[in-house]
Amino acid sequence: MEPMGKVLAIDHEKCTGCRLCEIVCSVFHDGVSNAARSRIKIVKWESEGVYIPISCQQCQDAPCKIICPVKAISRDEKLSRVMVDQNRCIGCRACVAVCPFGAMNFNVIDRKVFKCDLCDGDPQCVRFCEVKAVDYVPADRVSSSKKRAAAEKISTAQRQAVALEAESR
Amino acid sequence: MALNRKIAYIDLSTGKIEIKPIPLNIRRKFLGGRGLDAYLLYNHTEKGCDPLGPKNTLMVSGGILTATLASATARTHVMAKSPLGGMIGSANMGGFFAPELAWAGFHHLVIKGKADRPVYLWINNGKIEIRDARHLWGKTTTETQWAIREELGDDDIKCMVIGPAGENLVRFANVMTGIKNSGGRTGMGAVMGSKNLKAIAARGTMDIKIAHPKEALEYNKRFIDQITSAKVNQTQGTLGTPFIWGATNSWGGVRCRNFQYNQELYCDEIEPEAIDEVCTETIGPYHMAGCFACQVHCRAKYRIPTGPYAGAYDEGPEYTSQGAFCGEPDCRSMETLLTGNHLVDQWGMDNLETGSLISWAMELYELGILTDKETDGLDLRFGNDEALLEMVRRICFREGWLGDTLAEGGIIASERIGKDSFNYLIQVKGVSNLHSDERATPALALNVATASRGSDHLRSRPAIDLYHLPEEVLRKIYSTPVPYNGPLSSEHTEYIGKPWQVFWQENCYMAVDCLGICKYHTVFLGATLPNFEDWPKVLYYNTGLEFTPREIWDIAERCNMIERLFNLREGLTREDLVRGDMLNHRYFDEPTRRGAPDVVGRVIDREKFRKMIDEFYEYKGLDRNGVPKPETLKRLGLEDEPSHLL
Amino acid sequence: MGSEKEGLSTAESLRKTRTYGQFRCHNPSCMGRLQPQPGVNHVKCPACGMEFRVAWIKPNFPRIRGPVWDVNQKLAEEAFERKMKEEKRDGVK
Ligand code: SF4
Ligand code: SF4
Ligand code: SF4
Ligand SMILES: [Zn+2]
């Protein structure tokens with residue numbers, strides 16, 4: 001099972017918007033509670049009750065890695081993650097700008113970028129999220145579970161359509 | 001560090017703002033949240049001040065654990081002298097406001113005076129600014145919040161706001177944050193309105209250092225596990241608080257038709273599972289939301305499926321909306337329930353008080369004490385959904401004689417209506433009772449009668465009394481951290497042992513309110529949830545402060561006593577029907593007619609009730625009149641109050 | 001305090017008293033627990049005759065959804081009449 005690598009799988013429909021993940025992330029990494037230091041962020045459309053957890057996708061061809069002028073960003077194949085070398089980082093924020101998910105963060109206090117490091121293999125956000133809106137699963141399982149969910153939706157819709165048709169007869 | 005969060009004094013009349021640290025000795029005496037607010041209220045208001053005048057002082061706070069790594073430190077507490085009953089005004093709400101306030105550097109705000117035009121407070125990383133709010137006046141609670149975010153250009157701003165009801169000084173207007181989180185009771189929104197304060201906006205990115213981060217993480221995991229494994233919280237996380245109303249209605253413990261019945265019959269349409277279906281249909285299978293850092297997630301999301309507000313998004317409805325828009329007025333329509341809930345959320349008024357007062361008026365109308373003249377032709381009979389929702393509107397905007405009259409709250413309204421209308425008003429200390437009927441449950445009746453902010457279940461209700469737990473289990477819970485060897489009874493229709501349970505719960509809930517966590521995370525609805533013995537660890541790992549369970553108990557007792565001192569200063573008298581620890585005569589005179597066979601035919605026995613109060617007073621160290629004995633004040637270190645240390 | 005291994009608190013030790021799969025009859029005199037068969041949507045209390053509609057939070061987690069109105073309402077009315085008669089005889093209880 002090892003080398004396949006695991007990823008954070010986010011199912012935003014399950015998210016309750018509680019933000020516990022933000023707190024445990026900042027406490028685990030920085031010893032402080034501060035949502036602004038969290039590597040995961042819950043983006044909310046409050047007026048519609050939509051909450052979307054955003055975190056690094058650990059991209060294969062990471063745009064941040066490509067754009068970094070000092071090569072501070074690298075891929076750690078062992079944990080399938082993209083890492084920032086804080087000693088090299090010059091705080092230019094090119095990676096912040098280029099990340100398609102807004103998952104690269106900039107810390108104004110230390111003037112360095114920071115991002116999800118998968119907690120070295122024991123993601124705290126996953127450990128604390130009771131509803132499993134964030135989960136840590138083998139990379140190939142993400143798409144298969146998405147397929148299953150989509151299939152379920154389609155089959156429910158079909159069943160409903162059949163029922164409606166039956167009713168209208 | 002949680003302990004370096006500050007207190008700010010804001011004078012809206014002069015615009016002067018003063019920021020101070022909170023000394024450790026004050027923390028050790030009152031912790032924070034409601035307890036410290038009570039101390040501040042006692043020290044910063046004058047006896048007899050007008051609750052809607054500039055001399056009333058408004059406290060807004062988080063608890064000592066707010067925004068730390070403890071479970072569900074979501075709660076914001078608000079306190080002032082109450083415009084409803086003239087006693088302690090106090091309201092508590094979930095959501096995300098208090099944690100944001102803490103990240104912005106503050107645990108406590110003390111707001112005095114009155115601005116000369118509508119204003120709001122902008123609190124950001126240690127700074128506080130008073131800003132013009134004329135353009136926000138008249139907006140609903142959500143419109144206000146979105147407008148402030150837009151104006152300040154930050155979607156992460158959290159606001160505590162009032163709606164039109166607060167502006168119109170409806171005496172039970174609430175304060176709100178988010179879609180539906182409300183500090184509902186005792187008219188704190190009217191106090192804000194009277195100060196021309198439309199909103200408080202907070203945004204912060206300041207670190208809160210955790211004293212022992214590794215231990216805090218591990219212990220929090222264990223704490224959360226204890227909370228989420230409780231059956232009651234799993235039910236709560238699936239159906240929300242409607243499950244409590246549904247279960248209570250099933251055996252005959254809710255109010256129906258003001259106080260004529262203790263059960264609403266044939267109400268399948270608005271049962272918890274029926275609400276859940278609407279949520280599933282309009283939102284999806286995952287439709288529960290949580291407050292800050294809470295894994296119970298008891299807040300349902302829905303869209304109104306039908307009617308004039310079809311499609312509108314809201315959250316809830318909670319127990320009190322079911323009581324207000326179903327049980328009490330004896331209506332049973334999903335549309336009315338979800339629409340009524342939406343109106344009070346948007347306009348910012350307490351659903352509990354709104355539903356109670358309208359149902360009271362409905363009984364008066366059916367009795368002929370109110371007529372078409374006073375209702376301006378509105379057919380205010382029970383079961384009239386349209387009249388119910390129309391009345392909500394008239395109260396909020398003070399329209400018509402009755403709307404304007406009910407907006408004054410029960411006591412003033414009963415004076416205006418006259419005749420024997422007061423006899424039908426189900427209230428304690430000017431505050432309407434929860435939509436529950438306590439005639440079959442003496443412990444709960446004692447709780448309602450003696451609650452400091454007026455009739456209230458969240459001050460001291462031993463709700464687990466309903467579960468028929470074996471005596472050994474009750475003894476385990478109720479004899480820590482202070483030994484108790486007296487009687488305890490598993491039988492919820494009994495009188496013995498109940499005063500101690502109420503006393504214990506009163507201290508438990510005060511402690512929770514000082515910590516800033518949610519009551520679903522302690523012995524409220526579940527017997528196996530954390531309490532005094534568990535909190536020292538949470539406190540130590542997060543703040544580094546060491547307390548014994550007994551010390552936390554003592555702090556809670558002290559804070560409860562300060563609330564008592566405030567009420568006594570404002571005229572609390574033991575058996576007074578308006579300002580006392582007393583129940584409406586119907587509790588003693590009219591037997592229950594519905595519910596389980598063992599619940600029907602019940603009244604509260606006057607003599608036994610008196611004895612319960614005597615015993616309760618004894619535990620609290622009060623004399624027969626409910627006044628603290630000098631040695632009690634000495635024991636609690638309150639002999640010099642008001643001490644003006646903060 | 002600190003990092004030493006800690007024992008269970010009272011609340012934690014009470015955790016074993018939790019009973020899944022059961023609930024109590026809503027009548028105060030019924031101390032016994034009702035354990036509905038998986039999936040059923042109706043139970044009758046053998047002790048007092050109250051009947052309830054059952055809903056399931058999870059497959060092994062039933063709850064009382066509400067009363068069977070006709071049955072329980074009749075029981076309530078009978079109990080009320082009986083008690084009022086007794087009261088006339090013995091004075092208020
Ligand atoms: S902990 Fe889970 S449910 Fe809560 S905000 Fe994070 S992802 Fe959403
Ligand atoms: S895996 Fe770890 S670093 Fe990444 S978001 Fe979750 S808690 Fe933060
Ligand atoms: S239990 Fe419910 S009310 Fe309490 S904090 Fe959690 S979500 Fe909020
Ligand atoms: Zn039974």
**OP:** Please state the charge dipole magnitude for the protein assembly as shown, taken about the Cα centre, from unit charges on C-beta atoms (+1 on K and R, -1 on D and E), reported in debye and rounded to the nearest 20.
**Re:** 2100 debye
**OP:** Could you rank the peptides A:12-23, A:93-104, B:111-122 by their average count of other C-beta atoms within 10 Å per residue, with the highest value first?
**Re:** A:12-23, B:111-122, A:93-104
Subject >> Relative contact order (percent, whole number), segment B:323-458, Cα cutoff 8 Å, 6+ residue spacing >> reply: 21 percent
Original post:
Cross-link partners among aspartates and glutamates for C:LYS83, C-alpha distance below 14 Å, same-chain residues fewer than 8 apart left out?
Top reply: B:GLU590, B:ASP598
**OP:** Rounded to whole Hz and in sequence order, give me ³J(HN,Hα) for segment B:72-87 from the Karplus expression 6.51 cos²θ - 1.76 cosθ + 1.60, θ = phi - 60°, writing x for Gly and Pro.
**Re:** 6, 8, 8, 7, 9, 10, 10, 9, 5, 6, 7, x, 7, x, x, 9
**OP:** Using Cα pairs closer than 8 Å and at least 6 residues apart in sequence, work out the relative contact order for chain B, in percent.
**Re:** 16 percent
Original post:
To the nearest 20 debye, what is the magnitude of the charge dipole of segment A:70-119 about its Cα centre, counting +1 on the Cβ of each Lys and Arg and -1 on the Cβ of each Asp and Glu?
Top reply: 120 debye
Original post:
Which of B:LYS301/C:LYS16; B:LYS519/C:LYS16; B:LYS373/C:LYS74; B:LYS373/B:LYS608 have a Cα-Cα distance over 31 Å?
Top reply: B:LYS301/C:LYS16; B:LYS373/C:LYS74; B:LYS373/B:LYS608
Original post:
Classify segment B:498-633: rounded, prolate or oblate, from the alpha-carbon gyration tensor (a ≥ b ≥ c, eigenvalue square roots; a/c under 1.5 rounded; otherwise prolate if a/b is larger than b/c)?
Top reply: oblate
Original post:
Rounded, prolate or oblate: which one fits chain B, using the alpha carbon gyration tensor with axes a ≥ b ≥ c (rounded when a/c is under 1.5, else prolate when a/b beats b/c, else oblate)?
Top reply: rounded
Subject >> Positive-end residue, segment C:9-52 charge dipole about Cα centroid, Cβ charges, pick of C:PHE52, C:GLN35, C:SER13 >> reply: C:SER13
**OP:** Could you work out how far the C-alpha centroid of segment B:532-600 sits from that of segment B:75-91, in angstrom?
**Re:** 15 Å
Original post:
Given DSSP loops and a limit of at most 13 other Cβ atoms within 10 Å, what is the longest stretch of chain C that contains no such GluC sites (Glu not before Pro)?
Top reply: C:7-93
Subject >> Peptide-level mean, for C:44-56, of C-beta atoms on other protein chains within 10 Å >> reply: 2
Subject >> Peptide B:539-547 - average C-beta neighbours from other chains (10 Å radius) >> reply: 1
Original post:
Measuring from centroid to centroid over Cα atoms, what is the spacing of segment B:289-358 and segment B:629-646 in Å?
Top reply: 42 Å
Original post:
Within segment A:6-140, how many lysine pairs that are 8 or more places apart, or on different chains, have C-alpha atoms less than 26 Å apart?
Top reply: 29
**OP:** Mind putting a number on the dipole of chain B about its Cα centre? Charges go on the C-beta only, +1 for Lys and Arg and -1 for Asp and Glu, and I need it in Debye to the nearest 20.
**Re:** 2040 debye
**OP:** Quickly estimate the mean residue ellipticity at 222 nm for chain B, helices only: each DSSP H run with n ≥ 4 gives -39500 (n - 2.57), and the total goes over all residues, rounded to 500.
**Re:** -11500 deg cm²/dmol
**OP:** Note down the relative contact order for segment A:6-140 as a percent, whole number, built from C-alpha pairs under 8 angstrom at least six residues apart.
**Re:** 32 percent
Original post:
Using mean Cβ contacts within 10 Å as the protection proxy, how do B:369-379, B:560-570, B:140-150 order, highest first?
Top reply: B:560-570, B:140-150, B:369-379
Subject >> Estimated distance in nm for a label pair at A:VAL96 and A:ARG127, the labels positioned 7 Å out from Cα along Cα-to-Cβ >> reply: 2.9 nm
Subject >> Alpha-carbon centroids, segment A:58-135 and segment B:134-194: separation in whole Å >> reply: 38 Å
Original post:
For the protein assembly as shown, with the dipole built from +1 on Lys and Arg beta-carbon atoms and -1 on Asp and Glu ones, taken about the Cα centre, which of B:ILE412, A:VAL113, B:ALA449 lies farthest toward the positive end?
Top reply: A:VAL113
Original post:
Three principal axis extents, largest first, for the C-alpha atoms of the protein assembly as shown, in Å?
Top reply: 93, 72, 59
**OP:** Give the residue from B:SER432, B:PHE292, B:THR238 lying farthest towards the positive end of the charge dipole for chain B; charges sit on Cβ (+1 for Lys and Arg, -1 for Asp and Glu) and the dipole is referred to the Cα centre.
**Re:** B:PHE292
**OP:** Kindly work out what percent of the DSSP beta bridges joining two residues of chain B are antiparallel, to the nearest 5.
**Re:** 80 percent
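No lab work stands behind these numbers, since they all come straight from the coordinates. Source: prediction; values computed, not measured. A quick note on method: Cβ atoms are made from the backbone with ideal geometry, for glycine too, and the neighbour counts reach across all protein chains shown.
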